[in-house]
């Protein structure tokens, strides 16, 4: 079953990459520096996809190990941004806690992910009412925020991937996030005119976001083979959730970067920025997708 899903996903991505290339060549037709940049983005996307899909296919320790590496790099980037934004988290401790959360996923009891909701509420409330960034409470709560994102949110993604239908579910959520982002980027960069958040995220346009929503919903149909346990209604509901939550996750990351006075979390990936610049939306969407599945299960 996993092999069949993998083959079909490869075929789907091949079709989507061809469609993207035709859009660039026939509709957008960028020139000069824009042309070089878009084709670099196009090429780098292969590596971005492989970094998630290959370990997800191999499963087990490969998947957990790859996620732990992302937690390590993403945690470092996020805590660094918090520090540049005036916070004073216990960065090393927070990064190690995030890695530990990912590595411990195979040993979680079934009720453990639900603690995420409580942790989010406590972290937000504590961070909102902390006496100041340098106070012990302020330092602890900003550290907890960094453990939750990306650490615990990424742990939920690992939890999904290790479940019985995990490979298909993981492909479903990841492909939809990627399609949403790519469609918004291609349409917004080529024909987008109306800026949505010019200060926070200058590249986002109304046209691009609408294209992202439509593309995300459309791809839920050919992805039915990956998640046969999800009805059409659940697939469309998940698609709509992801189409809204993925840009929101990206905006949250943009707010952190804007507050820190940086454009990207790091320069790890050419034209893309850091690990969190690449996977921020997927990490942020994971808990919402997980609880959507629970809420709509019969």
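The values are calculated or read from the model by the stated rules, or taken from the named source; none is laboratory data. A quick note: this is a predicted structure, and the numbers were derived from the prediction, not measured. Here the Cβ positions follow ideal geometry from the backbone for every residue, glycine too, while neighbour counts run over all protein chains shown.
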Discussion item. Can you go through 281, 286, 266 and tell me which one is outside any helix (DSSP H, G or I), modelled with pLDDT under 95 and assigned by TED's automatic domain parsing to the domain that holds residue 169?
Written reply: 266
Worksheet item: Restricting region 52-79 to residues that are within 17 Å of the chain's Cα centre (by Cα) and within 20 Å of residue 3 (Cβ to Cβ), which is surrounded by the fewest Cβ atoms within 10 Å (Cβ to Cβ)?
Response: 54
Worksheet item: Are any residues in region 186-212 surrounded by fewer than 20 Cβ atoms within 10 Å (Cβ to Cβ), assigned to a helix (DSSP H, G or I) and modelled with pLDDT of 80 or more, and if so, which ones?
Response: 191, 206, 207, 210
Discussion item. Quick test for you: out of 164, 178, pick the one residue that is modelled with pLDDT of 85 or more and surrounded by fewer than 19 Cβ atoms within 10 Å (Cβ to Cβ).
Written reply: 164
Discussion item. I'd like to know if region 144-165 contains one or more residues that are assigned to a helix (DSSP H, G or I), assigned by TED's automatic domain parsing to the domain that holds residue 51, under 27 Å from residue 263 (Cβ atoms) and in contact (Cβ under 8 Å) with a residue 60 or more places away in the chain.
Written reply: no
Worksheet item: Can we say residue 239 is surrounded by 22 or more Cβ atoms within 10 Å (Cβ to Cβ), modelled with pLDDT under 85 and either outside the structural domain of residue 263 (by TED's automatic domain parsing) or in contact with a helix residue (DSSP H, G or I) (Cβ under 7 Å, 6 or more places away or on another chain) (or both)?
Response: no
Worksheet item: Residues in region 127-140: is at least one in contact with a helix residue (DSSP H, G or I) (Cβ under 8 Å, 6 or more places away or on another chain), in the same structural domain as residue 155 (by TED's automatic domain parsing) and under 16 Å from residue 160 (Cβ atoms)?
Response: no
Item to complete: Filter region 65-124 for residues that are more than 14 Å from residue 151 (Cβ to Cβ), at pLDDT 90 or above and out of contact with any helix residue (DSSP H, G or I) (no Cβ under 6 Å at 6 or more places or on another chain) and give the result.
Response: 65, 80, 83, 106, 107
